[in-house]
Every structure is written in structure tokens, then in C-alpha cells.
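Data first, discussion second: the structure below is written as C-alpha cells.
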Amino acid sequence: MKLYNIALIITLTLILTGFNSIGQNTVSPLSIFGAGEIQNGGFGTNKGMGGAGIALESGNYLNNLNPASYAGMDSLRIILEFGIEGKAYNLNNSKISTNGFDANLAYVAMGFKYTSWMAGSFGVVPFSSIGYSLYRVNDIEGMYQQYASNYVGKGGITKFYYSNAIRLFHSLSLGANVSYMFGTLTQEEDLMPTDIVPDILIERKDYLHSPYFDFGLQYKFNVAKTDYSLGLTYAIEQSLKSRHYTTVYDNSKSVIQSDSEKMDYLVIPETIGTGLGVKGKNYSIALDYTYQGWQGLEYPMQYEKFKDSHKFAAGLEIKPWDFSAMNKFYQNWTYRCGVSYESSYIQLNGTPVTNKNVTLGFGIPMYGGLSKLDFSITGGVYGTSPNNLMNERYLKFNLGFCFNEMAFLKRVID
């Protein structure tokens with residue numbers, strides 16, 4: 001199938017499903033905090049390696065964990081990637097247990113080289129997701145009384161990015177992402193009436209449209225016939241602009257109050273990522289660490305203090321046999337595994353919220369070996385068990401398609 005036919009199919013899919021459906025499949029009550037549940041980056045290869053790869057170059061696939069990676073692409077090829085993600089989950093605490101399954105289109109991206117020293121990529125990826133339904137008891141300010149509310153949240157932030165990378169020297173590459181964040185964040189608060197509290201529904205909506213910028217570099221060197229690489233990514237603290245609407249309905253769903261204002265309270269903190277890559281003849285290893293400075297940031301309707309987040313990821317990719325048309329099918333596959341541990345920016349009643357997972361995956365070559373299908377399964381636990389707080393156990397299924405085609409070749413006429 002030609003690359004432009006594949007791109008047309010994906011474009012029609014995006015139009016029919018809507019951009020805001022990309023990657024937004026969370027059902028965790030923890031997504032009520034901050035900008036929601038921050039989604040992990042990476043495409044098919046990186047997802048199979050536990051989300052690691054800040055130091056790895058894009059070769060015959062795209063690596064969006066570091067914009068500098070695109071300088072490693074073949075100058076004669078165009079690469080198109082898109083992926084589908086599904087999640088089976090179990091939410092539980094001491095009182096309730098809920099099971100379910102969600103799936104959607106996860107990402108779409110394309111990359112190619114402009115020259116021998118400059119490359120780029122563009123695509124649509126998820127940034128954060130919101131999806132929760134919970135019951136909460138609140139205090140009435142200045143009074144020794146309480147009232148109860150049911151909260152329902154949905155939506156998320158999607159990112160359209162455009163990246164450029166340049167190769168300064170044989171060993172050093174620099175890159176930058178210019179992104180456009182967009183999406184709708186919705187929260188409905190249904191107040192349970194009392195003698196003091198009326199029977200009303202408060203709807204809060206943020207229509208987000210804002211630029212976002214981040215940067216990266218990679219440096220590679222060789223020691224004893226083994227290739228090593230170092231990666232660094234950085235983004236300054238940035239406020240995302242939005243139009244905030246608050247609408248109050250009475251018990252007959254009639255509007256009794258409505259107002260709007262421009263807001264910039266959706267703050268994405270300073271983010272620093274570092275990585276180490278090791279590459280041999282038939283294997284690649286990636287070790288990553290990512291820091292986000294959430295401590296001190298404040299959001300409206302936020303009752304818990306944020307703390308800085310720290311994430312560690314490690315991944316391994318091996319290809320035991322060289323590719324050959326004579327091999328048994330499994331001998332042409334690429335095998336991957338990875339682990340990840342994140343200490344989240346969220347803490348509940350002083351208890352840290354963590355996300356721990358293990359991943360297994362493989363890549364299946366298509367159309368002669370460079371195009372491929374990537375599949376991975378990630379099993380993990382998100383939340384915290386102590387103090388009867390919410391805990392989510394999940395299995396994520398990632399199916400990625402990477403189409404790698406020759407381009408920019410001049411036809412020779414005798």
C-alpha cells in the first residue's frame with residue numbers, strides 16, 4: 001500500500017472520530033488533579049521498551065521522546081506511524097471495585113529528512129486525559145456544616161507538534177518541538193441539596209488553545225565496537241491559555257448564571273529528561289530519567305498540594321537473528337521488554353501516588369523488513385493502597401504501525 005493511501009485513511013479516521021479522542025482513555029479518579037493524567041510519550045518501539053528512549057536516534061522508526069532524534073533518519077525515506085491503544089482496568093479501594101475496557105486511536109505522526117543534516121516530524125499525540133466520577137463531602141466556609149457533591153470530569157489535552165532537528169557534527173544533534181495544545185476540559189459538580197445548599201448543577205469548562213515549546217539534544221560516541229548515546233530534553237514552565245466558562249443550572253436544567261473569562265491557570269512545570277543508550281549489533285538498551293517541578297504550583301478547586309515528580313524507565317530490544325527471507329517467521333521478529341516507575345506529582349492525605357509497570361512487546365517486519373507492526377502489553381498499578389485510597393490495576397495493549405518507504409529518488413533515464 002502506498003504511503004499517501006495510508007495517510008489518507010488515517011486523515012479520514014481522524015476527521016470521523018475527532019482529534020480530541022486521541023489517547024484519552026483514562027477512567028481514574030486521580031485525573032481530577034492538575035491538567036489530568038499525563039500521558040506517556042513514545043510510539044510503537046518506545047512503548048515496547050517501557051517508554052524509554054530519550055537517547056535513541058530515530059532510524060527506521062520515529063522516536064518522539066527527543067526532538068533531536070530525527071537527525072538519525074535515513075535521508076531517502078519517509079516514515080509514517082500511527083497506533084491504537086486499549087486498556088483493561090480494575091479500580092478499587094476498601095469500598096468499591098470497578099472493571100472496564102477502553103480503546104482509541106493513540107497517535108499519528110510522519111517524519112523525513114529535508115537535507116543530509118536536517119530532519120523533521122509532525123503529528124498528533126495525547127498530552128493528558130481526564131475521566132472520573134466521584135463523590136465528595138465538602139465543608140461550608142465559615143460554618144460547621146458540610147454538603148456533598150458528585151463530580152464528573154471528562155476531556156483532555158491533545159498536542160499537535162512540529163519538530164526540527166539538525167546534525168551539527170557527526171556526533172551531536174539538536175532539536176526543538178513547536179506544539180499547539182488544544183482540547184476541552186469539563187467538570188460537572190452536582191450538589192446534594194440541604195437546608196442551606198440549593199439543588200444546583202455547576203458546569204466548568206475550559207476550551208484550551210495554546211502554544212508549547214520544548215527542546216532536546218543527543219550526543220553519540222563509540223567505545224570498543226559498541227555505540228553509546230546521551231540524550232537531554234528540556235521544557236521551561238509554561239502557562240496554557242484557555243477560555244473558562246462557568247454555568248449554573250437549577251434542578252430543571254435551566255441556566256441561572258453563566259460567565260466566562262480568559263485563564264492561564266493550566267501550568268505545565270519545568271521538565272527535564274536525561275537518557276543513556278547502548279547499541280550493539282543485535283540489541284539496544286535505553287535508560288531514562290524524567291523530572292517535573294510541580295511543587296508550588298496551584299490549580300483552582302485543588303485541595304491537595306503537588307509535589308515534584310520523578311520517573312525512571314529502562315528498556316531492552318533484541319533481534320537474535322539477522323533478517324532473511326529464509327528464516328522462520330519468529331526469527332525475523334524484534335523482541336522488547338521494559339520497566340517503568342513513576343513517583344507522581346499527586347499525593348493524597350500525604351501518601352505519594354505511584355505508577356509501576358512492566359512491558360513485553362515485539363515487532364513484526366512488513367513489506368521487506370523496514371516497515372513493521374509493533375505490539376506490546378503493559379501491566380501495572382497506578383495509585384496507592386495505604387489508607388484505603390484509590391488503586392488502579394491495568395493492562396494496556398499497544399498496536400503500532402510503522403510504514404517506511406523510499407522517497408526522494410531521482411529516476412534515471414538512459
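The values are calculated or read from the model by the stated rules, or taken from the named source; none is laboratory data. In this text, all values refer to a predicted model and were calculated from it rather than measured experimentally. So basically every Cβ, Gly included, is an ideal-geometry build from the backbone, and we count neighbours across all protein chains shown. These accessible areas exclude ligands, DNA and RNA; they are computed on the full protein's heavy atoms, side chains included. Shrake-Rupley method; radii C 1.70, N 1.55, O 1.52, S 1.80 Å.
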Per the list (1) of a type outside the set (A, V, I, L, M, F, W, C); (2) free of Cβ contacts under 8 Å to residues at least 40 places away in the same chain; (3) surrounded by fewer than 20 Cβ atoms within 10 Å (Cβ to Cβ), residue check on N63 breaks on (3)
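Which is touching a Ser or Thr at 6+ places or on another chain (Cβ under 7 Å), under 27 Å from F182 (Cα atoms), assigned to a strand (DSSP E or B) and open to solvent by less than 40 Å² (accessible area, probe 1.4 Å), of S31, S121?
Values: S31 fails: assigned to a strand (DSSP E or B).
Criteria check complete, one pass: S121.
Would you confirm, using the coordinates I've provided, whether A313 is among the aliphatic types (A, V, I, L, M) and either open to solvent by 60 Å² or more (accessible area, probe 1.4 Å) or out of contact with any strand residue (DSSP E or B) (no Cβ under 8 Å at 6 or more places or on another chain) (or both)? Outline the logic, then answer.
On the way: among the aliphatic types (A, V, I, L, M): yes; either open to solvent by 60 Å² or more (accessible area, probe 1.4 Å) or out of contact with any strand residue (DSSP E or B) (no Cβ under 8 Å at 6 or more places or on another chain) (or both): no.
Against the criterion (among the aliphatic types (A, V, I, L, M) and either open to solvent by 60 Å² or more (accessible area, probe 1.4 Å) or out of contact with any strand residue (DSSP E or B) (no Cβ under 8 Å at 6 or more places or on another chain) (or both)), A313 does not qualify.
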Given the conditions (1) at pLDDT 90 or above; (2) part of a helix (DSSP H, G or I); (3) closer than 20 Å to N398 by Cα; (4) not acidic (D, E), every one holds for T13 apart from (1)
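If you go through segment 112-149, how many residues are among the hydrophobic types (A, V, I, L, M, F, W, C) and at pLDDT 90 or above?
Step one: of segment 112-149, the residues among the hydrophobic types (A, V, I, L, M, F, W, C) are 112, 117-119, 122, 124-125, 127, 130, 134, 137, 140, 143, 148.
If we keep only those that are at pLDDT 90 or above too, we end up with 118-119, 122, 124-125, 127.
Residues meeting the conditions: 6.
Anything in segment 319-345 that is closer than 18 Å to K279 by Cβ and surrounded by 15 or more Cβ atoms within 10 Å (Cβ to Cβ)? List them, or say none. Let's see the steps before the verdict.
Keep residues of segment 319-345 that are closer than 18 Å to K279 by Cβ, which gives 319-323, 334-338.
Within segment 319-345, K319, T334, Y335, R336, C337, G338 meet the criteria.
I want to confirm something. Restricting to segment 201-216 and keeping residues that are closer than 30 Å to Y147 by Cβ and touching a Leu at 6+ places or on another chain (Cβ under 9 Å), which single residue is most open to solvent (accessible area, probe 1.4 Å)?
As a first pass, look at segment 201-216 and keep what is closer than 30 Å to Y147 by Cβ: 201-208.
This time we only want the ones that are touching a Leu at 6+ places or on another chain (Cβ under 9 Å), so: 201-202, 204-208.
Values: L201: 23, I202: 28, R204: 44, K205: 53, D206: 7, Y207: 87, L208: 0 Å².
My answer is Y207.
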Residue among L360, L348 that is open to solvent by 30 Å² or more (accessible area, probe 1.4 Å), of a type outside the set (D, E, K, R) and out of contact with any Pro (no Cβ under 8 Å at 6 or more places or on another chain):
L360
Could you pull out the residue among L240, L276, L287, L297 that is hydrophobic (A, V, I, L, M, F, W, C), assigned to a loop (DSSP other than H, G, I, E, B) and in contact (Cβ under 8 Å) with a residue 24 or more places away in the chain?
L297
Kindly list the number of the only condition in (1) of a type outside the set (V, I, T); (2) closer than 26 Å to L191 by Cβ; (3) in contact (Cβ under 8 Å) with a residue 60 or more places away in the chain that fails for A148.
(3)
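Does segment 217-224 include one or more residues that are surrounded by 13 or more Cβ atoms within 10 Å (Cβ to Cβ), in contact with a helix residue (DSSP H, G or I) (Cβ under 6 Å, 6 or more places away or on another chain) and touching a residue at least 60 places away in the same chain (Cβ under 8 Å)? Spell out the reasoning first.
The initial filter retains those residues of segment 217-224 that are surrounded by 13 or more Cβ atoms within 10 Å (Cβ to Cβ), namely 217-220.
Remaining after also requiring in contact with a helix residue (DSSP H, G or I) (Cβ under 6 Å, 6 or more places away or on another chain): 217-218.
From the residues that got through so far, the ones that are touching a residue at least 60 places away in the same chain (Cβ under 8 Å) too are 217-218.
Yes, some residue in segment 217-224 is surrounded by 13 or more Cβ atoms within 10 Å (Cβ to Cβ), in contact with a helix residue (DSSP H, G or I) (Cβ under 6 Å, 6 or more places away or on another chain) and touching a residue at least 60 places away in the same chain (Cβ under 8 Å).
Tally the residues that are open to solvent by 60 Å² or more (accessible area, probe 1.4 Å), farther than 25 Å from E298 by Cβ and not acidic (D, E), restricting the search to segment 225-256. Walk me through it before giving the result.
Initially, segment 225-256 is screened for residues open to solvent by 60 Å² or more (accessible area, probe 1.4 Å), giving 225, 227-228, 230, 232, 234, 236-237, 241, 243, 245, 251-253, 255-256.
Now restrict to residues that are farther than 25 Å from E298 by Cβ: 225, 227-228, 230, 232, 251-253, 255-256.
Next cut, not acidic (D, E) only: 225, 228, 230, 232, 251-253, 255-256.
Looking only at that region, the number is 9.
Only one of S129, S116, S133 is open to solvent by 50 Å² or more (accessible area, probe 1.4 Å) and in a strand (DSSP E or B); which?
Among S129, S116, S133, only S133 is open to solvent by 50 Å² or more (accessible area, probe 1.4 Å) and in a strand (DSSP E or B).
Which one of these is part of a strand (DSSP E or B), of a type in the set (A, V, I, L, M, F, W, C), farther than 30 Å from V178 by Cα and at pLDDT below 90: I196, I202?
Values: I196 fails: part of a strand (DSSP E or B).
So the residue among I196, I202 that is part of a strand (DSSP E or B), of a type in the set (A, V, I, L, M, F, W, C), farther than 30 Å from V178 by Cα and at pLDDT below 90 is I202.
Could you please give the count of residues in segment 257-304 that are closer than 30 Å to D322 by Cα and either of a type in the set (G, A, S) or open to solvent by less than 50 Å² (accessible area, probe 1.4 Å) (or both)? Full working, then the answer.
Start the filter on segment 257-304 by keeping residues that are closer than 30 Å to D322 by Cα, which leaves 275-288.
From what is left, the residues that are either of a type in the set (G, A, S) or open to solvent by less than 50 Å² (accessible area, probe 1.4 Å) (or both) are 275, 277-278, 280, 284, 286, 288.
So the count comes out to 7.
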Single unsatisfied condition, T194 versus (1) under 30 Å from V137 (Cβ atoms); (2) touching a residue at least 12 places away in the same chain (Cβ under 8 Å); (3) open to solvent by 80 Å² or more (accessible area, probe 1.4 Å):
(3)
Expected single match for surrounded by 24 or more Cβ atoms within 10 Å (Cβ to Cβ), outside any helix (DSSP H, G or I) and in contact with a strand residue (DSSP E or B) (Cβ under 9 Å, 6 or more places away or on another chain) among Y89, Y107 is Y107
Any idea how many residues of segment 264-308 are at pLDDT 90 or above, of a type in the set (D, E) and either more than 30 Å from T334 (Cβ to Cβ) or over 17 Å from the mean Cα position of the chain (by Cα) (or both)?
2
In segment 156-189, residue most open to solvent (accessible area, probe 1.4 Å) [restricted to those that are under 17 Å from M118 (Cβ atoms) and among the hydrophobic types (A, V, I, L, M, F, W, C)]
F169
Does segment 302-313 contain at least one residue that is more than 28 Å from F215 (Cβ to Cβ) and acidic (D, E)?
yes
